[in-house]
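For reference, the structure is listed below as structure tokens.
The values are calculated or read from the model by the stated rules, or taken from the named source; none is laboratory data. Model, not experiment: these values are computed from the prediction. Every residue, glycine as well, gets a Cβ built from its backbone with ideal geometry; the counts of neighbours run over all protein chains shown. Only protein heavy atoms, including side chains, enter the accessible area calculation; ligands, DNA and RNA are left aside. Shrake-Rupley method; radii C 1.70, N 1.55, O 1.52, S 1.80 Å.
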Protein chains: 2
Amino acid sequence: MELNFQHADPGLSLMGEAAAARGLLESGKCKGSDFLGWLGLPSAMVSQVSRIEEAAARIRKSDGLIVVGIGGSYLGARAVIEALGTDFPVVFAGHNMDSLYHSDLLNSIQKKKYSINVISKSGTTTEPGLAFRILMNHMESRFSRDELAGLIFATTDANKGSLRPLIKERGWTDFVIGDDVGGRFSVLSPVGLLPIAAAGKNIRRLLEGAQAMADIVRKDSSEKNPALQYACYRNASYRSGKKIELFLSYQPGLHFIAEWWKQLYGESEGKEGKGIFPASVDFSSDLHSMGQWIQEGERLIFETILDVIHPEKDIKIPSSPVDDGLEYLAGRSLHEINRIALAAVQDAHSKGNVQSMKIMLDRMDEFNLGQLLYFYEYACAVSGIMLGVNPFDQPGVEAYKKTMFRMLGKPGF
Amino acid sequence: MELNFQHADPGLSLMGEAAAARGLLESGKCKGSDFLGWLGLPSAMVSQVSRIEEAAARIRKSDGLIVVGIGGSYLGARAVIEALGTDFPVVFAGHNMDSLYHSDLLNSIQKKKYSINVISKSGTTTEPGLAFRILMNHMESRFSRDELAGLIFATTDANKGSLRPLIKERGWTDFVIGDDVGGRFSVLSPVGLLPIAAAGKNIRRLLEGAQAMADIVRKDSSEKNPALQYACYRNASYRSGKKIELFLSYQPGLHFIAEWWKQLYGESEGKEGKGIFPASVDFSSDLHSMGQWIQEGERLIFETILDVIHPEKDIKIPSSPVDDGLEYLAGRSLHEINRIALAAVQDAHSKGNVQSMKIMLDRMDEFNLGQLLYFYEYACAVSGIMLGVNPFDQPGVEAYKKTMFRMLGKPGF
């Protein structure tokens with residue numbers, strides 16, 4: 001993984017601040033230091049890999065997996081699985097309360113034997129809680145308790161929460177979400193690892209990639225540290241008046257990497273009236289929708305581009321007698337053309353006064369992805385500390401719940 | 001369709017400006033008045049419906065439809081089809097240049113007989129042009145020219161472009177994109193109508209809904225006109241320093257309505273260093289990712305919420321002996337709970353100084369959707385005129401192309 005700036009000011013003047021923030025993080029003296037368990041996950045998880053792989057193998061003997069979770073209990077797994085692709089059916093539930101979505105889901109599993117991985121620290125969050133009720137109601141009408149014991153996998157708190165007694169009583173397989181790992185930093189815990197392994201992906205390589213990145217970003221306080229570079233770049237951009245960071249990818253499979261990144265940065269930094277607004281576009285598709293605004297609209301943005309050097313599959317452009325003006329591309333690689341579009345767009349945006357940083361991944365595999373995830377997490381912590389907020393809390397997410405519980409008639413509200 | 005404001009200042013003081021903008025639009029005296037064909041599409045298309053339906057019926061006898069298009073030749077059809085749902089396979093191509101995406105697409109149709117609707121005014125746009133080459137190369141290796149004549153449907157310019165000679169020579173079925181209809185305003189032309197009809201949707205009702213909305217917004221210059229209300233609301237918000245409009249929906253099927261809306265507003269207004277940044281979230285999912293930023297981050301945003309009153313399908317929450325804290329919801333409708341979340345979030349965001357407007361649709365059917373699309377288009381034109389820009393051009397989308405063609409080695413660049 002390599003960073004590459006096309007920015008008039010990549011913010012290196014803030015490197016002293018970034019190094020200090022890194023120091024606070026590593027010494028556990030930053031705000032929110034009760035939630036630093038994610039720092040050590042790449043090594044801590046190694047001992048759990050066999051058990052996760054064994055559970056994943058059992059899941060893969062069923063017809064598919066339904067992951068029940070929302071926010072940090074959903075986006076990381078989905079991001080990795082969609083980026084790598086899978087032939088095993090992995091579907092998601094409990095990340096919305098749409099009746100049509102869940103009706104269609106029930107219909108689609110009616111004659112199948114799906115496993116369920118319910119992921120929730122408390123077990124009482126409304127969206128996954130309701131989805132799990134709906135799914136269990138369906139499953140219990142079709143399978144015995146013994147059969148269900150082989151199909152239900154619960155990832156939850158070690159001791160507390162509504163899922164704990166059920167795990168004990170009904171013999172479900174369980175995995176633990178550590179107290180010191182917040183949802184948006186949990187992709188490298190069993191929260192992400194079990195669904196990713198069930199999708200047939202190599203979680204050992206994912207953790208190795210993350211560890212390789214940890215070995216760089218945790219040990220280097222120089223300006224060569226890519227996480228510090230990114231933290232400087234975005235804070236400098238923000239301080240210069242850029243309010244929106246736009247995440248650009250050129251492969252539709254990376255869409256949910258952007259969604260995961262939005263939670264990571266939006267929830268970590270968007271507080272106390274501060275914080276860059278994280279947004280994303282899927283290029284080149286959205287070049288034909290948001291391209292005009294980016295090129296010539298209000299100058300509020302800076303860009304971060306995800307560039308994958310080598311393709312997993314490629315297509316050669318066929319020759320054609322038709323006069324479509326594209327014959328000069330015959331015989332060329334589609335992936336190469338896509339990457340040239342990326343470079344041309346970066347150049348045009350720079351001329352339109354939109355500066356950018358490019359993250360170059362060698363290829364889209366587990367190792368590279370592990371690097372990328374850890375890089376983003378570490379840079380996020382440093383960036384949030386530089387911004388002066390607690391990057392590990394989310395005080396604002398409770399605001400609507402009280403009103404909702406009252407309106408729904410929840411006892412006690 | 002009904003608008004409902006929870007905004008301290010819905011901007012009604014700008015109503016005079018909005019009415020004047022509407023006058024310029026209706027009298028054809030606004031900037032870009034060569035591109036006002038969309039205004040009359042709901043009535044102009046009535047005479048073409050039978051022919052479109054007949055083509056759609058032929059498409060539906062094949063195994064599925066591949067729509068080849070990008071930007072305005074893609075988003076409208078996808079938005080409507082995903083909002084309404086379909087059992088007929090409609091897939092998209094040529095809206096990106098990802099080699100993996102197109103490899104997987106080729107694999108998935110290998111043993112099937114798909115129809116293709118290629119949508120491009122010029123036929124030479126890089127993304128759909130390359131995808132069409134790749135697909136034709138595949139199809140020509142499997143089907144005779146006669147068979148292909150029944151499978152290819154081209155929506156293009158009446159006279160010009162690289163598809164025209166092929167239509168004549170190979171007997172493809174063709175539909176015309178009018179010279180006076182820009183891509184982002186073309187969903188109610190054959191560009192959108194043919195794929196929507198092929199998905200089994202009632203395009204007559206879609207056009208009737210659009211006409212019903214046209215009858216309101218084109219004839220009323222009072223402050224009761226919902227398109228003028230929305231145009232006032234967003235311009236007033238922008239002038240008061242709100243830089244981002246956030247489109248909120250609570251049903252995943254509406255995701256591409258937001259994407260279509262982004263192109264419509266972003267491309268129409270993002271120019272001359274001006275323009276609101278259009279962004280969207282899928283709630284309640286993204287409440288658990290972007291919710292924190294929205295509630296407590298930098299106060300840069302205002303919201304537009306899409307609320308659908310009646311569900312197409314619903315689920316009753318089952319009772320459960322498990323102590324998950326959700327038994328008070330047993331027997332309730334999931335759709336109702338989802339709408340209560342919407343109301344609670346709107347209230348919480350208002351307290352967090354994020355003001356909103358709600359668009360209430362009676363239900364998600366063709367008629368209501370037709371209303372919604374026309375409403376957005378008309379309000380966009382009025383809003384752009386109020387902003388002082390030409391809402392119908394897109395001068396910035398060419399910026400990267402010159403560089404890209406040079407880098408790709410296109411003759412003449």
Top to bottom by accessible area (1.4 Å), largest first, where do B:D34, B:D324 land? B:D34, B:D324
Which percent, to the nearest 5, of DSSP beta bridges fully inside the protein assembly as shown are antiparallel? 15 percent
Here Rg/Rh (Cα, Kirkwood) for segment A:87-127 equals 0.98
Once the label point is placed 7 Å from Cα along Cβ, list for A:T124 the distances to the corresponding points in the other copies, in nm, shortest first. 6.6
Inter-probe distance in nm under a simple model that places probes 7 Å from Cα toward Cβ, at A:D87 and A:V49: 2.3 nm
Which distances in nm, rounded to one decimal and ordered from shortest, link the label point of A:V46 to the equivalent label points in the other identical copies, with labels set 7 Å from Cα toward Cβ? 7.4
Indicate the helices, whole DSSP H runs only, in chain A that combine a mean Kyte-Doolittle hydropathy of -1.0 or more with a Cα extent along their long axis of 27 angstrom or more. A:366-387
Between the residues A:W261, A:F392, B:P252, the Cα farthest towards the positive end of the dipole of the protein assembly as shown, that dipole coming from +1 and -1 charges on the beta-carbon of Lys, Arg, Asp and Glu, is from B:P252
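Is the C-alpha gyration tensor of segment A:100-186 telling us rounded, prolate or oblate? Criteria: a/c under 1.5 is rounded; beyond that, a/b larger than b/c is prolate, otherwise oblate. It would help to have the intermediate numbers written out before the result.
Working: a/c = 2.25, a/b = 1.44, b/c = 1.57.
Oblate is the answer for segment A:100-186, as a/c is 1.5 or above yet b/c matches or exceeds a/b.
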Shielding by partners, peptide A:102-110 (average Cβ within 10 angstrom, other chains): 2
Sorted by accessible area with a 1.4 angstrom probe, largest first, how do B:V176, B:V322, A:V46 fall? A:V46, B:V176, B:V322
Quick check: convex hull over the Cα atoms of segment A:84-237, volume per residue in Å³, rounded to an integer? 160 Å³
Take every DSSP beta bridge with both residues inside segment A:269-386 and express the antiparallel ones as a percent of the total, to the nearest 5. 10 percent
Any chance you could run the full-extension gain for A:S33 through A:A330? It's 0.36 nm times the residue separation minus the Cα-Cα distance, nm to one decimal. 101.3 nm
Among A:K351/B:K121; A:K410/B:K316; A:K402/B:K224; A:K201/A:K316; A:K168/A:K401; B:K313/B:K351, which pairs are too far apart, with a Cα-Cα distance over 23 Å? A:K351/B:K121; A:K402/B:K224; A:K201/A:K316; A:K168/A:K401; B:K313/B:K351
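Mind checking B:251-263 for the average number of partner chain beta-carbons within 10 Å of each residue's beta-carbon?
3
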With +1 at each Lys and Arg Cβ and -1 at each Asp and Glu Cβ, the charge dipole magnitude of segment A:140-199 around its Cα centre, to the nearest 20 debye, comes out at 80 debye
Axis-nearest residue in chain B [Cβ, rotation onto A], distance in whole Å: B:A279, 3
In debye, nearest 20: dipole of the protein assembly as shown around its Cα centre with unit charges on the Cβ of K, R (+) and D, E (-)? 380 debye
Per-residue ellipticity at 222 nm attributable to helices in chain B (runs of n ≥ 4 DSSP H, -39500 (n - 2.57) apiece, nearest 500 deg cm²/dmol) works out to -14000 deg cm²/dmol
Might you tell me the accessible area per residue for the protein assembly as shown, computed with a 1.4 Å probe and given in Å²? 33 Å²
Once you order the gyration tensor axes a ≥ b ≥ c over the Cα atoms, which shape class does segment B:1-126 get: rounded for a/c under 1.5, otherwise prolate or oblate by comparing a/b with b/c? prolate
So how strong a dipole does chain A carry about its Cα centre when Lys and Arg Cβ are +1 and Asp and Glu Cβ are -1, to the nearest 20 debye? 1280 debye
Exam field: B:K111 pseudo-label spacings to other copies (7 Å along Cα-Cβ), nanometres: 1.7
1.4 Å probe, heavy atoms, protein only - residues of segment A:332-365 losing at least 50 Å² accessible area vs chain alone: A:L334, A:I340, A:A344
Got a sec? Charge dipole of segment B:92-193, +1 on Cβ for Lys and Arg, -1 for Asp and Glu; which of B:V118, B:N96, B:G178 is way out at the positive end? B:V118
Cα centroid of segment B:376-413 to Cα centroid of segment A:289-356, whole Å: 16 Å
Considering the Cα trace of segment A:325-402, what is its radius of gyration and what is Dmax, both in angstroms? 19.7, 61
Would you mind listing how long chain A runs along its three principal axes, going by Cα atoms, in whole Å with the largest first? 63, 63, 45
Report, as an integer, the average count of C-beta atoms from other chains found within 10 Å of each Cβ along B:295-303. 6
Considering only A:K358, A:K201, A:K271, give the residue with the highest GNM mean-square fluctuation for chain A, with springs between Cα atoms whenever their separation is below 10 Å. A:K271
Honestly the protein assembly as shown on the Cα gyration tensor test (a ≥ b ≥ c root eigenvalues; a/c under 1.5 rounded, otherwise a/b vs b/c for prolate or oblate) is just rounded
Considering only protein heavy atoms and a 1.4 Å probe, what is the carbon-and-sulfur percentage of the accessible area of segment B:102-234? 47 percent
Cα centroid separation, segment B:86-103 to segment B:184-255 (Å): 26 Å
Compute the FRET efficiency between A:L106 and B:A57 as 1/(1 + (r/R0)^6), taking r as their Cβ-Cβ distance and R0 = 35 Å, and round to the nearest 0.05. 0.65
Which of A:I301, B:G273, B:S62, positive extreme of dipole for the protein assembly as shown (C-beta unit charges): B:S62
What accessible surface, in Å², does a 1.4 Å probe find on A:L100, ignoring ligands, DNA and RNA and rounding to the nearest 10? 50 Å²
Given Cα pairs under 8 Å that are at least 6 residues apart, what percent is the relative contact order of chain A? 25 percent
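Enter the buried accessible area of the B/A pair, total of both sides, probe 1.4 Å, in Å² rounded to the nearest 100.
Buried: approximately 9100 Å² between A and B.
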